[in-house]
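Chemist: If you scroll down you'll find the structure; I have some questions about it.
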Amino acid sequence: MSVDDIKLIGIIGAGQMGSGIATVAATSGYSVIIMDIDEGQLEKGMTKIEHSLSRQVEKGLLKDAERKASLPRIKTATSMDAFKNCDIIIEAASEDEKIKTEILKKLFPLLKSDAIITTNTSSISITRLAAQTDRPTKFAGMHFMNPVPAMELVEVIRGITTDKETFDTVSALAKKMKKIPVAAEDFPAFIVNRILMPMLNEAVYTLYEGVGTVDAIDESMMLGAHHPMGPLALADFIGLDVCLAVMNTLYEGLADSKYRPCPLLTKYVEAGWLGRKSGKGFYDYSGDEPVPTR
């Protein structure tokens, strides 16, 4: 299948990433089916999409006519049965290999034989996930960055079994969605998170060991390294559960102690303090301004 054959895109998961991918797919002219087993999450996802499109119009990044044309292209579903005519699927469920594996096993029997399957995983082995399907040659990683409408990069990851046609098609699709594809090899956390997550984890260690406060650490990196956001605020934005999952993948996959997740990061996740999405992480977001929790 070439990129010109792709007309209908299926997206699994209506969370932050799934709704963002649906937004850029629809504004790029594609018909989209976004599926989530939680109807409430689907409603939230569609609200996010509408809000995102309106903000793009306000910023002059999208014409209002384009916004109006994009919304009808997106349909919702609570069952993967809706994907039977899709040309490509982008799985954007939770960063949990067990969940993704269960989804893939249920998904592939429902698809047409030439449909491509991709996963938005930020760290899990593409080769291992591909082996759970009937089409490992037509399986690739398509890792979008968060927030999807604003971030230019898509990591395109080729597993050991991914064929060249699939890799080229997925890369071309990223370009059609106005993104810049970068090829990454199938090793734990790929490129961006292999570099980024250990830095965030080290920031948590710096807090854990009392080297600096939350404010001091974030302010130091913004003023001293010109980062637009401090590492602890960024971890909250990404989700501390996602950060922990990626660090565990790195630690288990590479067997190197430098990737050991900070115990404080683990404790925050155990407490349900997952960052912005839960209202509390390294900052408390319940007031008008975020307040450090430590």
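Chemist: Would you point out which residue out of GLY272, GLY230, GLY281 is over 19 Å from ASN120 (Cβ atoms), touching a Gly at 6+ places or on another chain (Cβ under 6 Å), of a type outside the set (A, V, I, L, M, F, W, C) and outside the structural domain of ASN120 (by TED's automatic domain parsing)?
Modeler: Working: GLY272 fails: touching a Gly at 6+ places or on another chain (Cβ under 6 Å); GLY230 fails: touching a Gly at 6+ places or on another chain (Cβ under 6 Å).
After ruling out the rest, the residue left standing is GLY281.
Residues are listed down the side, and each one gets a yes or a no for (1) at pLDDT 95 or above; (2) among the aliphatic types (A, V, I, L, M):
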position: MET1; (1), (2): no, yes
position: ILE11; (1), (2): yes, yes
position: GLY29; (1), (2): yes, no
position: VAL32; (1), (2): yes, yes
position: ASP36; (1), (2): yes, no
position: THR47; (1), (2): yes, no
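Chemist: List the helices (runs of 4 or more DSSP H) inside the stretch 170-251, counting only whole elements, that have at least 2 residues being over 19 Å from TRP273 (Cβ atoms). Give the steps one after another, and end with the answer.
Modeler: Values: elements: 192-208, 214-224, 231-238.
In the stretch 170-251, 192-208, 214-224 are the helices (runs of 4 or more DSSP H) which contain 2 or more residues that are over 19 Å from TRP273 (Cβ atoms).
Chemist: Determine the pairs where a residue that is among the charged types (D, E, K, R), located within the stretch 144-166, has a partner that is surrounded by 15 or more Cβ atoms within 10 Å (Cβ to Cβ) and part of a loop (DSSP other than H, G, I, E, B) with Cβ atoms under 7 Å apart, the partner being 6 or more residues away or on another chain.
Modeler: Matching pairs, first to second residue: GLU152/LYS179; GLU155/PHE190; GLU155/ILE191; ARG158/ASP186.
Chemist: Tell me, yes or no, whether the stretch 164-175 has at least one residue that is closer than 26 Å to ASP256 by Cβ and either at pLDDT 95 or above or under 17 Å from the mean Cα position of the chain (by Cα) (or both). If you could, list the steps in order and put the result at the bottom.
Modeler: Kept after step one, since they are closer than 26 Å to ASP256 by Cβ, are these residues of the stretch 164-175: none.
For the stretch 164-175, residues closer than 26 Å to ASP256 by Cβ and either at pLDDT 95 or above or under 17 Å from the mean Cα position of the chain (by Cα) (or both): absent.
Chemist: So which residues in the stretch 7-50 are of a type in the set (S, T, N, Q) and not in a helix (DSSP H, G or I)?
Modeler: SER28, SER31
Chemist: Quick check: is even one residue across the stretch 58-70 surrounded by 14 or more Cβ atoms within 10 Å (Cβ to Cβ) and in a loop (DSSP other than H, G, I, E, B)?
Modeler: yes
Chemist: Would you say LEU250 is among the hydrophobic types (A, V, I, L, M, F, W, C), touching a residue at least 24 places away in the same chain (Cβ under 8 Å), outside the structural domain of ILE126 (by TED's automatic domain parsing) and under 25 Å from MET17 (Cα atoms)? Spell out how you get there, then give the answer.
Modeler: Values: among the hydrophobic types (A, V, I, L, M, F, W, C): yes; touching a residue at least 24 places away in the same chain (Cβ under 8 Å): yes; outside the structural domain of ILE126 (by TED's automatic domain parsing): yes; under 25 Å from MET17 (Cα atoms): yes.
Judged against the criteria, LEU250 is a match.
Chemist: Another question, if that's okay. Taking strands (runs of 3 or more DSSP E) that fall entirely within the stretch 73-141, which contain at least 1 residues that are among the polar types (S, T, N, Q) and within 20 Å of the chain's Cα centre (by Cα)? Before the answer, list the steps.
Modeler: Working: elements: 74-77, 88-91, 116-119.
Correct list: 74-77, 116-119.
Chemist: Limited to the stretch 34-57, what total is found for residues that are touching a residue at least 24 places away in the same chain (Cβ under 8 Å), among the acidic types (Asp, Glu) and either surrounded by 13 or more Cβ atoms within 10 Å (Cβ to Cβ) or farther than 22 Å from PHE83 by Cα (or both)?
Modeler: To start, the set of residues in the stretch 34-57 that are touching a residue at least 24 places away in the same chain (Cβ under 8 Å) comprises 34-39, 41-42, 44-46, 48-49, 52-53, 56.
Imposing the further condition that a residue be among the acidic types (Asp, Glu) reduces the set to 36, 38-39.
Restricting the remaining residues to those that are either surrounded by 13 or more Cβ atoms within 10 Å (Cβ to Cβ) or farther than 22 Å from PHE83 by Cα (or both) gives 36, 38.
Going through the stretch 34-57 one residue at a time, the tally reaches 2.
Chemist: Which of the residues that make up the stretch 95-125 are in contact (Cβ under 8 Å) with a residue 40 or more places away in the chain and within 18 Å of GLU155 (Cα to Cα)?
Modeler: Once the filter is applied, which keeps residues that are in contact (Cβ under 8 Å) with a residue 40 or more places away in the chain and within 18 Å of GLU155 (Cα to Cα), the stretch 95-125 yields GLU95, ILE116, THR118, ASN120, SER122, SER123, ILE124, SER125.
The values are calculated or read from the model by the stated rules, or taken from the named source; none is laboratory data. Because the structure is a prediction, the values reported are computed rather than measured. No Cβ is skipped: glycine too gets one built from the backbone with ideal geometry, and neighbour counts run over all protein chains shown.
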